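Trainee: My questions all concern the structure below.
The values are calculated or read from the model by the stated rules, or taken from the named source; none is laboratory data. No experiment lies behind these values; they were computed from the predicted model shown. Cβ placement follows ideal geometry from the backbone for every residue including glycine, while neighbour counts extend to all protein chains displayed. Only protein heavy atoms, including side chains, enter the accessible area calculation; ligands, DNA and RNA are left aside. Shrake-Rupley method; radii C 1.70, N 1.55, O 1.52, S 1.80 Å.
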Amino acid sequence: MTAPRVSVLVPVRNEERHLEEALASLFTQSEQRFEIVAVDDGSSDGTPQILADHAARDSRLQVLRQPPRGIVAALNAGLARARAPYLARMDADDIAAPERLGLLADALDADPSLGLAASKVEYLGDRAANRGLALWVDWTNGLRTPEDIARERFVESPLVHPSVMFRREVVERHGGYREGDFPEDYELWLRWLEAGVRMKKVDAPLLVWRERPDRLTRTDPRYSTEAFFRAKAPYLYRWLGERNPHHPHAIVWGAGRVTRRRLAPLLAAGLRVQAWVDIDPKKIGWKVDGIPVIAPQDLPPPGEAFVLAAVGKRGARELIEAELGRQGYRVGVDCLFCA
């Protein structure tokens, strides 16, 4: 095979149920200059045989086998083996649209300033039973421009991991996946965005993303809400140091116990809360940890303080953003959302 344009990294463990469909969606890509680097992370079902059968029929499938060491080790093993200048991700239970690899590679070709291109995804799961995850997919599908992705990165992970394609040189310059008690993909996006890597999405759903009860994002503590806050805290603190003229001081919107607990890593990093903002009249006028709780209408004018909105309750963001906007606060300038 000639040198591939794209290497697709597919970590896999015990995916005999969906692997055939995932591989079929890759082998039928309109862009044919690709290789699949499948890393079998200690499968004990029929996965190894499925991979071996397909590799025997198509040399574009490269199979690595390792003991069960986890997704980070599998991804980094795949990165080390991949040969192409563009590296795409995909899970072994997802389905790629036929034009996925071609459109993402074309997007990177067309804009040399981009380090990563992704796509919208189609959620394949029970939206009623998993409403939170489905709403996150809807939210991230709405983030298309580099500015959108950079601005919203402290709210949640702005990219669905298996939907991305990035340049090899970005990995070489800023590093690959890191082990830790945090989501490996979110930490990667934060690190690359901090380094100035520009990311965008093409306006098309090029991946069917399968949601399952046994997905790592549901079963592994590294993907808990608290783990996401641990991952973002050092990056957010440095962002505030560069853009908040009152740093390390800020007013935090959200005085509840859950919000304060999740902000603990940021407080440990050095954030100094000037006041808590809350809409509950029972809290206004009280002090929490010795810090006053104020009403939204008591915020100082923009420029005299920086507001960090840390309420994660659904629907709250829209209300907070509307009130901050009414008072003249600008997201990314005078205020920022981090939940």
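Trainee: What angle, in degrees between 0 and 90 and rounded to the nearest 10, separates the Cα long axis of helix 316-326 from the longest principal axis of the Cα atoms of the chain?
Mentor: 50
Trainee: Packing-wise, with mean Cβ within 10 Å as the measure, how do 112-119, 254-261 rank, highest first?
Mentor: Peptide ranking by packing, descending: 112-119, 254-261.
Trainee: Among GLN327, VAL121, LEU79, which residue has its Cα furthest toward the positive end of the charge dipole of the chain, with +1 on Lys/Arg Cβ and -1 on Asp/Glu Cβ?
Mentor: Final value for the positive-end residue is GLN327.
Trainee: Okay, moving on. Under 20 Å Cα-Cα from LYS313, which lysines qualify once same-chain neighbours fewer than 8 residues away are excluded?
Mentor: Of all the lysines, those that pass the test against LYS313 - Cα under 20 Å, at least 8 places apart if same chain - are LYS232, LYS282, LYS283.
Trainee: What is the angle, in °, between the Cα long axis of helix 100-110 and the longest principal axis of the Cα atoms in the chain? Nearest 10 is fine, range 0 to 90.
Mentor: The angle comes out near 70 degrees.
Trainee: Which lysines does LYS120 reach when only Cα atoms under 22 Å apart count, and residues fewer than 8 places away in its own chain are ignored?
Mentor: LYS200, LYS201
Trainee: Continuing with this model, one more query. Per residue, how many Å² of accessible area does the chain show with a 1.4 Å probe?
Mentor: Values: 14810 Å² over 339 residues.
Value for the chain: 44 Å² per residue.
Trainee: Can you show me the helix-derived [θ] at 222 nm for the chain, built from DSSP H runs with n ≥ 4 at -39,500 (n - 2.57) apiece and divided by the number of residues, rounded to the nearest 500. Please report the intermediate quantities before stating the final value.
Mentor: Working: 13 runs with 124 residues, N = 339.
Value at 222 nm, helices only: -10500 deg cm²/dmol.
Trainee: A further question on this structure: Taking only C-alpha pairs under 8 Å that are 6+ residues apart, what is the relative contact order of region 1-89 in percent?
Mentor: Values: 151 pairs, mean separation 39.2, N = 89.
Relative contact order of region 1-89: 44 percent.
Trainee: Given Cα pairs under 8 Å that are at least 6 residues apart, what percent is the relative contact order of the chain? Could the numbers behind the result be given before it?
Mentor: Values: 595 pairs, mean separation 50.2, N = 339.
Relative contact order of the chain: 15 percent.
Trainee: Can you give me the relative contact order of region 190-328 as a percent, contacts being Cα pairs under 8 Å and 6 or more apart?
Mentor: Values: 138 pairs, mean separation 28.2, N = 139.
Worked out over region 190-328, it gives 20 percent.
Trainee: Considering only DSSP beta bridges where both residues belong to the chain, give the percentage that are antiparallel (nearest 5). All intermediate terms of the calculation are to be shown ahead of the outcome.
Mentor: On the way: 9 of 50 bridges.
Roughly 20 percent of the beta bridges in the chain run antiparallel, per DSSP.
Trainee: Working only with C-alpha atoms, what are the Rg and Dmax values of the chain, expressed in angstrom?
Mentor: In Å, with Rg to one decimal and Dmax whole: 21.7, 71.
Trainee: Could you order peptides 120-130, 201-211 by the average number of other Cβ atoms within 10 Å of their residues, highest first?
Mentor: Details: 120-130: 15.6, 201-211: 19.4.
For the peptides 120-130, 201-211, the packing ranking is 201-211, 120-130.
Trainee: Return, ordered by residue number, the residues of region 117-143 whose backbone nitrogen is under 14 Å from a label point located 7 Å along Cα→Cβ of ARG314.
Mentor: Residues 126-140 fall inside that zone.
Trainee: About its Cα centre, how strong a charge dipole does region 188-339 have in debye, to the nearest 20, once Lys and Arg get +1 and Asp and Glu get -1 at the Cβ?
Mentor: Values: 26 positive and 16 negative charges, 120 e Å.
I would put it at about 580 debye.
Trainee: Another question, then. For region 187-287, build the charge dipole from Cβ charges (+1 Lys, Arg; -1 Asp, Glu) around the Cα centre, then report which of ALA269, ASN244, VAL258 sits farthest towards its positive end.
Mentor: Of the listed residues, the answer is VAL258.
Trainee: Tell me the carbon and sulfur percent of the accessible area for region 148-251, rounded to whole percent, probe radius 1.4 Å. Please report the intermediate quantities before stating the final value.
Mentor: Details: 2030 of 4110 Å².
Roughly 49 percent of what the probe reaches on region 148-251 is carbon or sulfur.
Trainee: Something else: Quick one: compute a quarter of the convex hull surface over the Cα atoms of region 205-339 and quote it in nm².
Mentor: Averaging across all directions leaves 10.0 nm² for the Cα convex hull.
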